[in-house]
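**Student:** Following this message is one structure expressed as structure tokens.
The values are calculated or read from the model by the stated rules, or taken from the named source; none is laboratory data. Because the structure is a prediction, the values reported are computed rather than measured. Note that we place each Cβ from the backbone using ideal geometry, even for glycine, and neighbour counts take in every protein chain shown. Side chains are part of the model used for accessible areas, which takes the heavy atoms of the whole protein and leaves out ligands, DNA and RNA. Shrake-Rupley method; radii C 1.70, N 1.55, O 1.52, S 1.80 Å.
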Amino acid sequence: MADVKLADVDAWLHRLDVSATTWGNYAKAISSVFRLAVKRGYLPSSPLTGIERPKVAIKAPCILTPSQAFALLTAAVPELRAMLVLQAFCGLRRSEANRLQWKHIHLEGDEPYVELPSEVTKTNRRRVCRIPACAVAWLKPLAGVPGASLGLTETPYRNRLNEAATDAKIEWEENLLRHSFGTYRMAETKNAALVADEMGNSPAVVRTNYQNVTSPEQAAAWWKVVPAPPADTVPFPQSKAS
């Protein structure tokens, strides 16, 4: 390692036929190895301290429209639907929703919320997320026995998600629901600190990815996505005024 110079790593990185984002990820990974070597006393300093990474253009995230969200949730099997609702309307990561139990989801009261213990979150920090009325409407019929797991193992989750996305005619991308939440919530509140707290992210990340992507009017429609009434529901006829 002591023989490796900045020019060596820089030349190797520039020979890669990859995007600027992947280039930066390689540089970050290699830098972490040298930082560890410095920390353990193997090297006096890292040769990658002065490496210049290419600028990466931040693209707007892919998000679902309200009609697509309705189609996806309607097509999803019940054991998958709760996890999707928590990602779409509460901003949870898939891994976080997978580790929750029904006892963490509080649907009653004026301000329903989901509690995420530190052992559930990616950051190992406890947080509480609000459950909007639309999510309550989806979750109440799904609420199972207290203590029952909400999670699915990786393969069943992916298989059922792919089936639901295919039925809803959606081309699926990773983190599509969480990106949708961040985008619409940011348009609604215009408060990066609040959205970051709800998502377990930093305000800088929220502003970079979700700010000025959609309008408040479009965001308002997102929070109106609720389940369709049961097929056997018959509207009660209203009497005409005499």
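**Student:** Looking at the stretch 205-220, which of its residues are farther than 11 Å from T183 by Cα, hydrophobic (A, V, I, L, M, F, W, C) and over 16 Å from the mean Cα position of the chain (by Cα)?
**Tutor:** Residue satisfying the conditions is A220 alone.
**Student:** Now for a separate question. Right, D232: of a type in the set (D, E, K, R) and either modelled with pLDDT of 90 or more or open to solvent by less than 80 Å² (accessible area, probe 1.4 Å) (or both) or not?
**Tutor:** no
**Student:** Looking at this structure, is V77 surrounded by fewer than 17 Cβ atoms within 10 Å (Cβ to Cβ) and at pLDDT below 95?
**Tutor:** Judged against the criteria, V77 is a match.
**Student:** Now, a different point. Out of the residues in the stretch 18-56 that are hydroxyl-bearing (S, T, Y) and in a loop (DSSP other than H, G, I, E, B), which is most open to solvent (accessible area, probe 1.4 Å)?
**Tutor:** Only one residue tops the list, namely Y42.
**Student:** Of all residues being hydrophobic (A, V, I, L, M, F, W, C) and more than 23 Å from M186 (Cα to Cα) in the stretch 106-138, which is modelled with the lowest pLDDT? Just the residue, please.
**Tutor:** Only one residue tops the list, namely V120.
**Student:** In the stretch 152-209, how many are under 18 Å from L100 (Cβ atoms) and either touching a Phe, Trp or Tyr at 6+ places or on another chain (Cβ under 8 Å) or of a type in the set (A, V, I, L, M) (or both)?
**Tutor:** 5
**Student:** Determine, yes or no, whether W12 is assigned to a helix (DSSP H, G or I), over 30 Å from L139 (Cβ atoms) and open to solvent by less than 40 Å² (accessible area, probe 1.4 Å).
**Tutor:** Considered against the rule, which asks whether it is assigned to a helix (DSSP H, G or I), over 30 Å from L139 (Cβ atoms) and open to solvent by less than 40 Å² (accessible area, probe 1.4 Å), W12 comes out as no.
**Student:** Which ones in the stretch 204-218 are in a helix (DSSP H, G or I) and surrounded by 15 or more Cβ atoms within 10 Å (Cβ to Cβ)?
**Tutor:** Hits for the stretch 204-218 are V206, R207, N209, Y210, Q218.
**Student:** Same structure again: From the list A7, A11, A20, pick out the single residue that is touching a residue at least 12 places away in the same chain (Cβ under 8 Å) and among the small types (G, A, S).
**Tutor:** Residue meeting the stated conditions: A20.
**Student:** For the list (1) in contact with a Pro (Cβ under 6 Å, 6 or more places away or on another chain); (2) small (G, A, S); (3) on the phi > 0 side of the Ramachandran plot, I need the number of the one condition that G41 fails.
**Tutor:** (1)
**Student:** So if I check each of R160, R185, which one is in contact (Cβ under 8 Å) with a residue 40 or more places away in the chain and under 17 Å from V128 (Cα atoms)?
**Tutor:** R185
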